[in-house]
Amino acid sequence: MTPLELAPPPTVDDAIAACRTRIDSIDADLLALIVQRVECATEIGRLKRRGGLPVYHPARESSIIANLCARSHGALRDDHVASIWGALFSASRALQGAPSAAFLGPAGTFTEAATRQFFGDAVRTDARETLEGVFAALSEGETEFAVVPIENSTEGTITRTVDLLAQHAAPITGEIEQAIVHCLLSASGSLEGVDCVLAHEQALAQCRGWLDAHAPRLRRIAVSSNGAAAREAAEHGHCAAIAGEPAALRYRLRIVARAIQDDPNNYTRFLVLGGPSPEPTGNDRTSLSFAPSDGTDELAHLFGVLAQRQIDVLWLAVRPARAAGLPYRYFADLHGHASDPHVRAALDDLAPTLSGLRVLGAYPRARLTDAVCRSSSGH
Ligand SMILES: C=C(O[C@@H]1C=C(C(=O)O)C=C[C@H]1O)C(=O)O
């Protein structure tokens with residue numbers, strides 16, 4: 001082509017293609033900005049939940065739209081600004097509405113099932129490998145809520161959780177009760193070639209009688225969670241695992257035996273930690289901890305006050321206080337909400353005499369899941 005020959009004018013198709021390339025690049029920039037916006041809104045959602053504030057703030061949305069309409073100087077119609085930002089608000093509200101909850105993972109544990117039961121499937125779950133990790137996630141603000149097991153109907157109190165409750169200032173804001181049906185799982189669906197069974201120590205204890213009777217030759221190995229047991233059994237064919245059906249599905253294991261827990265009415269109570277304090281519902285639980293320096297007198301006074309006000313003790317645990325001069329720290333759940341007048345009055349009576357009294361939370365009592373209600377009324 002000589003210098004005098006002009007390049008042919010771009011075709012309509014070429015011009016559209018060039019504009020589309022530019023739109024693709026602008027969209028990529030917009031997406032990056034929208035992601036940043038959504039991250040800010042998610043942080044606002046966390047703060048709102050901490051402060052007990054509602055997600056939806058219509059006055060703030062109207063003022064954003066009014067500002068943007070004024071800034072667009074007519075380049076965009078007001079109704080278009082409103083509908084574009086309306087879509088952004090709706091996405092950011094939806095993301096703020098889904099709370100995050102840390103639980104003892106990995107996926108497939110009973111704690112995950114309890115978490116989903118309480119928060120619904122939209123919850124953003126955050127699996128941690130240890131109970132310490134779950135508490136740390138909450139105290140470091142990496143999650144809004146945490147769900148931890150507190151007691152099992154066969155094996156009793158989960159003492160590690162109680163000790164962590166004493167160490168962390170995590171407010172208790174809810175409880176969940178769940179039927180626990182343990183299954184023996186293996187990759188092949190049989191125990192051929194299997195020489196050990198992995199499970200959380202609680203599950204090994206809850207299935208002790210069944211294992212003694214039906215699988216005495218299997219070496220019992222405690223691991224951090226039932227989900228971890230199932231995950232490892234999927235990787236090592238010579239290991240079986242005790243876990244629930246969701247873990248079998250999750251790790252593609254087969255069920256060797258179902259409902260192997262020694263007590264058919266086996267259930268676990270879980271605590272929800274974090275978030276604003278719930279209002280009284282008329283059927284609540286208040287959790288306390290205290291460390292009597294004068295054991296007998298202080299305890300006698302506690303039970304005297306509770307008897308006088310007809311307040312039932314729903315749960316009691318005693319742990320080494322791990323503090324000089326204080327042998328034990330006690331944990332007690334009372335029936336009633338800390339702001340119910342009779343519970344308030346009892347706490348006022350107790351505060352001056354019960355050493356180290358702390359209210360760990362006041363929250364609605366759980367209703368047992370259908371599975372437990374069925375089994376406790378029937379088989
Ligand atoms: C992000 C917030 O929450 C909601 C979402 C808004 C947004 O996406 O800008 C604005 C108001 C609220 O309805 C907020 O309150 O600022």
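The numbers here are math on the coordinates, done by the rules we state, and not lab data. If you're wondering where the values come from, they're calculated on a predicted model, not measured in any experiment. Counting neighbours? That spans all protein chains shown, and the Cβs are built from the backbone with ideal geometry, glycine included.
What the table below lists for this structure:
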read-out: Long-range HN-HN contacts of residue 174 with modeled amide H, under 5 Å; value: 272
read-out: DSSP H segments from the chain that extend 27 Å or more along their own axis, Cα-based, with Kyte-Doolittle mean of -0.5 or above; value: 12-51, 78-97
read-out: Cut-off under 5 Å, modelled amide H: who pairs with residue 291 long-range; value: 330, 355, 356, 357
read-out: Of the GluC sites (Glu not before Pro) in segment 1-44, those whose Cβ has at most 15 other Cβ within 10 Å and which sit in DSSP loop; value: 5
read-out: Computed FRET value (nearest 0.05) for residue 68 with residue 167, which takes r as the C-beta separation and R₀ as 35 Å; value: 0.15
read-out: Rounded, prolate or oblate (a/c below 1.5 giving rounded, otherwise prolate when a/b exceeds b/c) for segment 7-107 by Cα gyration tensor; value: oblate
read-out: C-alpha center-to-center spacing [segment 196-251, segment 99-140] in angstrom; value: 21 Å
read-out: Percent breakdown of C-alpha pair distances by 5 Å bin, ordered from the shortest bin, for segment 104-223; value: 2, 9, 18, 21, 18, 13, 9, 6, 3, 0
read-out: Global form of the chain, assessed from the alpha-carbon gyration tensor, a/c cut-off 1.5; value: oblate
read-out: Rounded, prolate or oblate (a/c below 1.5 giving rounded, otherwise prolate when a/b exceeds b/c) for segment 183-260 by Cα gyration tensor; value: rounded
